[in-house]
Amino acid sequence: MSERTLVDPEILEKCSLYPDYVEAKLGFRNHWYPSLFSHELEEGEFKAHEILGDRLLLTRVDGKVYAVRDRCPHRGVPFSRRPECFKKGTLTCWYHAFTFKLSTGMLCDIITNPKSNLIGKVQIPTYKVEEAKGIIFIFMGDIDPPDLADDVPPGFLDENMVIRGVRQEVGSNWRIGCENGFDSTHVFIHKDSILVEGNDITLPLGFVPTSRDTFKVVDGPTGPKGVYDLLAEHCIPIFEGKIEGETVLQGHMGSNRVAYDISIWLPGVLRVDPWPDPSLTQFEWYVPIDESRHFYIQTLGRSINVPEDEAIFDEEFENKWKDLALAGFNDDDIWAREAQQEFYKHDEAWYKEQLFEPDRNISKWRQLASRHHRGIQRYENLF
Ligand code: FES
Ligand SMILES: [Fe+2]
């Protein structure tokens with residue numbers, strides 16, 4: 001099948017440092033993506049889930065999660081309108097009762113026409129699934145999946161790392177999410193956040209890079225691929241905000257020093273360490289839903305030494321961090337991304353934007369993603 005480009009080739013030529021990134025409006029194919037949290041899918045339950053422009057149906061049988069494409073090959077209806085299961089491990093379409101095995105996607109029977117020649121010959125796409133740290137990861141692609149560890153930031157799968165999180169839909173392309181998270185001077189939008197006083201953190205108004213190469217790129221033959229922005233080593237933080245020489249704003253000097261280790265990883269996940277407290281690390285994914293929406297999956301991790309500490313973290317997560325950091329602070333980010341979408345929904349935006357010196361980290365990320373992704377998700381992949 002010939003591949004249609006998702007973006008006008010003339011525009012891609014103008015973005016010659018990272019054309020694949022500009023084209024990947026539906027995300028990168030052949031990567032692991034988080035979907036639901038494990039607790040969102042009970043035994044026997046069916047849930048529809050949109051990801052990379054594709055529509056999936058997830059279910060759990062004997063504890064194991066299965067994912068299939070949510071579209072009946074007979075007449076194209078979504079199974080999820082009324083998922084039916086008459087025998088464990090199978091899915092029956094509510095319309096004319098084509099019945100598929102969840103493990104292989106094979107049409108194993110048609111209740112309304114048991115002698116059909118189609119039986120054993122028609123298959124729905126199935127997707128590889130892994131559960132880790134309380135999250136259901138799905139491999140969105142058709143190659144042999146690499147280890148999940150290749151698609152998550154360092155530290156996330158560490159044995160002692162306990163992860164808790166929340167998930168919500170945001171009205172912007174997934175790349176705007178990545179770039180908002182990794183953007184060093186976007187710290188400006190957080191100057192009035194309740195987290196700044198609430199957890200007494202140090203938060204400057206911006207950063208001035210002191211050299212051109214302030215990044216560590218991780219792109220070895222194995223393992224995750226990402227970029228660290230070495231802010232603490234190569235940037236001067238701005239605490240006094242001035243206009244025409246007059247001081248008009250002050251950053252916040254708190255007792256908690258956070259966010260000195262910021263990195264972004266394929267296929268679109270940020271690691272901020274430590275954050276929002278010296279005892280925590282934030283890992284957050286921006287998972288494409290379609291061209292103009294992404295799932296923002298915010299997780300906090302704490303490395304614990306004794307099992308009892310998990311309950312302490314649970315309590316803190318529910319009663320403190322959810323409101324103060326994941327909502328209180330990151331709601332600013334959601335607002336900013338949705339405001340940017342109006343511009344970036346036009347492909348021309350990727351060369352008409354006027355980047356400035358601190359945005360070199362964003363350019364570095366775009367280049368890394370363009371070089372090391374495993375494929376571009378295209379509309380052809382959805383049929
Ligand atoms: S549309 Fe699904 S069985 Fe006919
Ligand atoms: Fe932010």
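The values are calculated or read from the model by the stated rules, or taken from the named source; none is laboratory data. Quantities reported herein were computed from a predicted structural model and do not represent experimental measurements. Neighbour counts run over all protein chains shown; Cβ positions are idealised from the backbone, glycine included.
Odds and ends about this structure:
- Any hit, segment 73-92, residues being crowded, with 18+ Cβ neighbours inside 10 Å, closer than 27 Å to Asp151 by Cα and of a type outside the set (Ser, Thr, Tyr): no
- On inspection, Glu84 does not qualify as within 30 Å of Ser172 (Cβ to Cβ), out of contact with any helix residue (DSSP H, G or I) (no Cβ under 6 Å at 6 or more places or on another chain) and of a type outside the set (A, V, I, L, M).
- Number of the exception - Lys87 against (1) more than 11 Å from ligand 1 (Cβ to nearest atom); (2) assigned to a strand (DSSP E or B): (2)
- Looking across segment 186-195, the residues that are within 13 Å of ligand 2 (Cβ to nearest atom) and touching a residue at least 60 places away in the same chain (Cβ under 8 Å) come down to His186, Ile189, His190, Lys191, Ser193, Leu195.
- Single match in Glu10, Glu43 (criterion: over 20 Å from the mean Cα position of the chain (by Cα), at pLDDT 95 or above and outside any loop (DSSP other than H, G, I, E, B)): Glu10
- Exactly one residue out of Ile124, Ile201, Ile176, Ile143 is in contact (Cβ under 8 Å) with a residue 24 or more places away in the chain and under 24 Å from Ser279 (Cβ atoms), and it is Ile201.
- Residue count for segment 219-231 under the criterion of being on the phi < 0 side of the Ramachandran plot and either of a type in the set (Phe, Trp, Tyr) or touching a residue at least 24 places away in the same chain (Cβ under 8 Å) (or both): the result is 9.
- Strands (runs of 3 or more DSSP E) wholly inside segment 99-216 containing at least 3 residues that are farther than 23 Å from Lys87 by Cβ and either at pLDDT 95 or above or small (Gly, Ala, Ser) (or both): 126-132, 135-140, 161-170
- Matching residues, segment 40-84, being among the β-branched types (Val, Ile, Thr) and within 16 Å of ligand 1 (Cβ to nearest atom): Val68, Val77
- Flag if Tyr296 is assigned by TED's automatic domain parsing to the domain that holds Ser279, in contact with a helix residue (DSSP H, G or I) (Cβ under 8 Å, 6 or more places away or on another chain) and either among the β-branched types (Val, Ile, Thr) or away from ligand 2 (no atom under 14 Å from the Cβ) (or both): no
- Residue satisfying condition, being within 16 Å of ligand 1 (Cβ to nearest atom) and surrounded by fewer than 19 Cβ atoms within 10 Å (Cβ to Cβ), within set Lys115, Lys101, Lys191: Lys115
- Condition met for Phe313 (buried (at least 22 other Cβ atoms within 10 Å of the Cβ) and under 22 Å from Val166 (Cα atoms)): no
- Beta carbons closer than 6 Å, at least 6 apart along the sequence or on distinct chains, pair a first residue in segment 232-249 that is farther than 25 Å from Asn361 by Cα with a second that is assigned to a strand (DSSP E or B) and charged (D, E, K, R) for Thr247/Glu240.
- Residue within segment 290-302 that is buried (at least 20 other Cβ atoms within 10 Å of the Cβ), without any contact (Cβ under 8 Å) to a residue 60 or more places away in the chain, more than 16 Å from ligand 1 (Cβ to nearest atom) and not aromatic (Phe, Trp, Tyr) present: no
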